[in-house]
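Undergrad: Structure in structure tokens, see below.
The values are calculated or read from the model by the stated rules, or taken from the named source; none is laboratory data. Keep in mind it's a predicted model, so treat the numbers as computed, not measured. Note that each Cβ is placed from the backbone with ideal geometry, even for glycine, and that neighbours are counted across all protein chains shown.
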């Protein structure tokens, strides 16, 4: 007696149905908002800035160091945005990571920078943001949600402006 194997056409159909169902669930679910970690850091002039105190306006937050060539390349673009943007349009903050106030102050003065510089001497805020290197820039909307980020330098002010305008 010969036993014939029955073809199981329904197994691939069930697999396909499960795949489609999981794709529909994935597409229908809304990604969770990622809030920017709050912090309070001192400025070069001794004041303190708290990120959550800036709620209600978008924030551009750039992490940098004085010995980073890409940071030096990007600094004039950040300065130009700061000069032509009102504080209501976007708050421009930069965070010097792991360096002394004296070193950062000398750098800022020698390059004629006037945008706000915060000091993260211990690197704790940079660690909270998980930055892989400098420069790294985060764009935070008026509600404190991270909307975009960029690792590495911007190649011009127009690149920065287009991200700011999208906020």
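Undergrad: Only residues that are assigned to a strand (DSSP E or B), loosely packed, with under 15 Cβ neighbours inside 10 Å and touching a residue at least 12 places away in the same chain (Cβ under 8 Å): list them for the stretch 43-82, please.
TA: Going through the stretch 43-82, the residues assigned to a strand (DSSP E or B) turn out to be 43, 48-50, 59-64.
Next, only the ones that are loosely packed, with under 15 Cβ neighbours inside 10 Å stay: 43, 48, 50.
43, 50, listed by residue number.
Undergrad: Follow-up. For the stretch 65-87, check the following and say yes or no: at least one residue is in contact with a strand residue (DSSP E or B) (Cβ under 6 Å, 6 or more places away or on another chain) and under 20 Å from residue 46 (Cα atoms).
TA: yes
Undergrad: Residues to consider are 85, 100; find the one that is more than 17 Å from the chain's Cα centre (by Cα), without any contact (Cβ under 8 Å) to a residue 24 or more places away in the chain and at negative phi. Break it down stepwise before answering.
TA: Values: 85 fails: without any contact (Cβ under 8 Å) to a residue 24 or more places away in the chain.
Going through 85, 100 in turn, just one is more than 17 Å from the chain's Cα centre (by Cα), without any contact (Cβ under 8 Å) to a residue 24 or more places away in the chain and at negative phi: 100.
Undergrad: Step by step: first the residues of the stretch 25-36, then only those that are surrounded by fewer than 16 Cβ atoms within 10 Å (Cβ to Cβ) and not in a helix (DSSP H, G or I), then the one that is modelled with the highest pLDDT. Which residue is that?
TA: Keep residues of the stretch 25-36 that are surrounded by fewer than 16 Cβ atoms within 10 Å (Cβ to Cβ), which gives 25-35.
From the residues that got through so far, the ones that are not in a helix (DSSP H, G or I) too are 29-35.
Numbers: 29: 50, 30: 53, 31: 66, 32: 80, 33: 88, 34: 93, 35: 96.
This residue is 35.
Undergrad: Does residue 140 satisfy being at pLDDT 95 or above, crowded, with 20+ Cβ neighbours inside 10 Å, in contact with a helix residue (DSSP H, G or I) (Cβ under 9 Å, 6 or more places away or on another chain) and closer than 17 Å to residue 54 by Cβ?
TA: For residue 140, the condition - at pLDDT 95 or above, crowded, with 20+ Cβ neighbours inside 10 Å, in contact with a helix residue (DSSP H, G or I) (Cβ under 9 Å, 6 or more places away or on another chain) and closer than 17 Å to residue 54 by Cβ - is met.
Undergrad: Within the group 134, 163, which residue is over 16 Å from residue 92 (Cβ atoms) and touching a strand residue (DSSP E or B) at 6+ places or on another chain (Cβ under 6 Å)? Please lay out each step first, then the result.
TA: Numbers: 163 fails: over 16 Å from residue 92 (Cβ atoms).
After ruling out the rest, the residue left standing is 134.
Undergrad: Quick check: is even one residue across the stretch 143-160 buried (at least 18 other Cβ atoms within 10 Å of the Cβ) and within 18 Å of residue 36 (Cβ to Cβ)?
TA: Yes; the residues of the stretch 143-160 include at least one that is buried (at least 18 other Cβ atoms within 10 Å of the Cβ) and within 18 Å of residue 36 (Cβ to Cβ).
Undergrad: Continuing with the same structure: For the condition touching a helix residue (DSSP H, G or I) at 6+ places or on another chain (Cβ under 6 Å), more than 15 Å from residue 41 (Cα to Cα) and at pLDDT below 95, what is the one hit in 134, 90?
TA: On the way: 134 fails: at pLDDT below 95.
None of the others qualify; the one that does is 90.
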